[in-house]
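Worksheet: the structure to be examined is printed underneath.
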Amino acid sequence: MASIALSHTNLALVKYWGKEDEGLRLPSAPSLSLTLEAFYTRTRLRISKENRFFLNGKEGGGKDAERVFSYLSSLLAFFRLPPSKFVVESENFVPKSSGFASSSSAFCALAAAFAEEMGLSLTKRELSIAARMGSGSACRSVFGGLVLWKEGKTGGESFAVPIKEAPSMDICALYLSLEGGEKEVSSTEGMRISRSSPFFQIWREECRKACAEIQEALKAGSFERVGEMAERNACQMHALTLSCGFSYISEKSLRALRLAQSMRKEGIPCYWTCDAGSNAAFLCRKKDMALVEGKAKEAFGSGLVCFPSGPGPGVKVKREV
Ligand code: 2P0
């Protein structure tokens, strides 16, 4: 017997960057994301005599396994369940060469498989809270399409809610694999340092405003306004880190930003975003995807690897007998 969960990653249009409580992963501000169809994690979990973790078919020890089992122990304690051990087999369909993080889909799939295997019958809200405890952005992957993560003042108040699980707005992402390599400052560390910025309070306010404005723009059906707000929020996040003396963006990430801006001047609605790494993504309409990809290859060379994606579904889980 085992439980299998399938969860898609999400791309933040308003970034989660800063925690009020590190242990609980309570964010300093709300964030808003698009769940992506193209990238996902499939996780199979069963109770066993010993803890074992497999990633993409290979048994893994080290930090990944440590984080998985420490998270599962915290879930057992949170749901007042007796100590148990697990075999966890995860497959990541997030291309390694993309350089994009898979923690949102990984921890959402793990939370969902755990809840199913332990017979917890959680509501989506409870599952979002459980996923958040593994990795903040994982709480948003519980839902498909466009998702809002409310900041909340306590662990029980901080969860994601769907804005539109099947967006009628034509909105897609094109990931650009600009460079590889490990980032020097982890997200956890980067968020911690960023709290010391003189601009941190402004950043929080800007995220609150951006979440409200994007929701308004979605209602009004304005893709351009959504894109503008997302690009501005990404720029503000990177300005925040820079104000503390470190940065994730590279010369190529900035070239991608300028490329999005020049495409707009040509009448192609394309907007830039970038997470805690130097690989950027473009937001565009599905009908413009090929054109945007062509422009990216023109600018960065025909060998540039791009990953297009439309909106994806929320987490799914089933019991295997
Ligand atoms: C996001 N990022 O909203 C932001 C944008 C990176 C930049 O969520 O410490 O791995 O596990 O709660 O979720 C990366 O942080 O952080 C992240 P933890 P996580 O997608």
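The values are calculated or read from the model by the stated rules, or taken from the named source; none is laboratory data. On a predicted model such as this, the values are computed, not experimentally measured, just so you know. Virtual Cβ from ideal backbone geometry, glycine too; neighbours counted across all protein chains shown.
Among all residue pairs at least 6 apart or on different chains, which show Cβ distances below 7 Å where the first residue, located in the stretch 15-28, is closer than 14 Å to Ser135 by Cβ and within 11 Å of the ligand (Cβ to nearest atom) and the second is assigned to a loop (DSSP other than H, G, I, E, B) and not small (Gly, Ala, Ser)?
From residues that are closer than 14 Å to Ser135 by Cβ and within 11 Å of the ligand (Cβ to nearest atom), the pairs are Lys19/Arg25; Pro27/Tyr16; Pro27/Glu151.
Mind listing whichever residues of the stretch 38-74 are out of contact with any Gly (no Cβ under 8 Å at 6 or more places or on another chain), outside any loop (DSSP other than H, G, I, E, B) and either of a type in the set (A, V, I, L, M) or on the phi > 0 side of the Ramachandran plot (or both)?
The answer is Leu45, Ile47, Leu55, Gly62, Ala65, Val68, Leu72.
Does the stretch 287-306 include one or more residues that are hydrophobic (A, V, I, L, M, F, W, C), under 23 Å from Trp203 (Cβ atoms) and modelled with pLDDT of 95 or more?
No, the stretch 287-306 contains no residue that is hydrophobic (A, V, I, L, M, F, W, C), under 23 Å from Trp203 (Cβ atoms) and modelled with pLDDT of 95 or more.
For residues in the stretch 55-88 being at pLDDT 95 or above and touching a Ser or Thr at 6+ places or on another chain (Cβ under 7 Å), which is nearest to Leu120 (Cα to Cα)?
Among those residues, the one meeting the criterion is Leu76.
Report those strands (runs of 3 or more DSSP E) wholly inside the stretch 117-232 carrying at least 2 residues which are under 26 Å from Asn279 (Cα atoms) and more than 16 Å from the ligand (Cβ to nearest atom).
Filter on the stretch 117-232 gives 172-177.
Taking the criterion of being small (Gly, Ala, Ser), touching a residue at least 24 places away in the same chain (Cβ under 8 Å), assigned by TED's automatic domain parsing to the domain that holds Val292 and closer than 16 Å to Trp17 by Cα, would at least one residue in the stretch 204-220 satisfy it?
Filtering the stretch 204-220 for residues small (Gly, Ala, Ser) gives 210, 212, 217, 220.
Narrowing the set further to residues that are touching a residue at least 24 places away in the same chain (Cβ under 8 Å) leaves 210.
Then drop every residue that is not assigned by TED's automatic domain parsing to the domain that holds Val292, which leaves 210.
Those left that are additionally closer than 16 Å to Trp17 by Cα: 210.
Among the residues of the stretch 204-220, at least one is small (Gly, Ala, Ser), touching a residue at least 24 places away in the same chain (Cβ under 8 Å), assigned by TED's automatic domain parsing to the domain that holds Val292 and closer than 16 Å to Trp17 by Cα, which makes the answer yes.
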